[in-house]
1. Can you list the HN-Hα couplings for segment 120-131, worked out from phi with the Karplus curve (6.51, -1.76, 1.60; θ = phi - 60°), rounded to whole Hz and with x for Gly and Pro?
2. Determine, for each peptide in 135-148, 153-166, 282-295, the mean count of other beta carbons within 10 angstrom over its residues, then list the peptides with the highest first.
3. Along its principal axes, what span do the Cα atoms of segment 136-307 show, with the longest given first and each in whole Å?
4. Treating cross-link reach as a plain straight distance, find the aspartates and glutamates whose alpha-carbon is under 14 Å from the alpha-carbon of Lys85, omitting any fewer than eight places away in the same chain.
5. Where a Cα-Cα gap under 17 Å defines reach, which aspartates and glutamates qualify for Lys247, not counting those fewer than 8 residues away within the same chain?
6. Just to confirm my numbers, what's the Cα centroid distance between segment 97-155 and segment 45-89 in Å?
Amino acid sequence: MAHNNVEEEVEKCLNEVEIPEKDYEESKLFLTKMISHEAYNNENYNWSLSDFELGTRLGRGKFGRVFIARERKTGYVVALKTLLKKEIVDNHMERQVLREIEIQSHLKHTNILELLTWFHDDFRIYLVLEYAGKGELYRHLRKSPKGRFNEHRSSKYVYQVASALDYCHRKKVIHRDLKPENLLLSITDDIKLGDFGWSVHTPSSSRKTMCGTVDYLPPEMVQGKIYGTHVDNWCLGILCYEFLVGKPPFESRSNEETYARIENVDINYPCHVPAGAIDLISKLLRKTSEERITLSDVMEHPWIIHNK
């Protein structure tokens with residue numbers, strides 16, 4: 001599992017878990033060995049399923065499952081995502097899976113779920129991912145009082161997602177499928193942006209493919225227009241609203257009604273939503289993509305700063 005800066009990655013891993021002082025140095029040694037490949041004396045080690053001890057299932061997707069797993073030689077805990085090759089081929093998703101691997105393997109940011117390595121056998125593709133100890137953000141949102149987050153928690157998460165997206169955009173990557181289900185939480189309650197299946201590396205910064213989730217689609221996608229990185233800014237506005245209200249702003253009984261509300265930016269704010277948050281959301285949910293507030297300005301918005 002090769003990394004650009006071994007010491008930095010080791011410290012990052014150690015900071016995310018509570019390790020007794022007496023075990024700290026030993027744990028640090030184990031992590032260093034694994035991250036630098038010293039455990040195998042070979043930077044080009046060919047990983048296989050036998051290198052991991054599988055634990056409980058964390059989740060299930062269309063093409064496979066995700067398990068918690070322990071790397072046998074070091075004891076390093078990861079999330080192991082298994083994808084069935086037959087299901088991928090039958091659904092013509094080969095390019096999407098390969099794109100997800102290619103993009104995510106090159107992204108290194110504290111709020112992006114790290115793809116450590118990947119391998120395959122005759123039947124499956126295995127993605128070895130950073131383990132997010134608190135799991136899916138969506139579950140935490142649904143279990144929160146009244147099914148929504150408070151101001152402090154919402155603003156913290158919005159800031160971290162904005163930081164992750166800003167990094168992606170600087171790397172010419174558009175995520176295109178931002179939603180609570182694609183966000184995880186580390187053991188320290190920090191955002192981990194995941195699921196890059198719909199993401200795209202686009203040096204030209206313009207695309208026309210319609211993808212993502214209906215409630216989160218921006219007007220330019222609904223209208224079939226060419227779009228760029230600003231689609232992620234729109235989705236961040238939807239996400240902020242859902243954090244504070246418990247549901248997306250344009251949710252309707254049918255897709256047609258949802259599309260109409262998106263095109264008209266027909267949004268209603270419950271009375272409990274603070275004025276500062278409304279100001280931020282309204283600046284992100286602009287029909288004209290170029291008018292949307294930048295991600296750097298999101299991170300410096302008064303409502304975000306006040307609630308940090």
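We did not get these values from a lab; they are worked out from the coordinates using the rules stated. Small disclaimer: the values here were computed from a predicted structure and weren't measured. Positions of Cβ are backbone-derived with ideal geometry, glycine not excepted, and every protein chain shown enters the neighbour counts.
1. Once θ is set to phi - 60°, the couplings for segment 120-131 become 8, 10, 5, 10, 9, 10, 10, 9, 8, 10, 4, 8 Hz.
2. Values: 135-148: 14.7, 153-166: 22.8, 282-295: 17.1.
Peptide ranking by packing, descending: 153-166, 282-295, 135-148.
3. Its Cα atoms span 39, 34, 28 Å along the three principal axes.
4. Glu94, Asp121, Asp122
5. Glu136, Glu151, Asp177, Glu181, Asp215, Glu257, Asp266
6. Measuring centre to centre over Cα atoms gives 14 Å.
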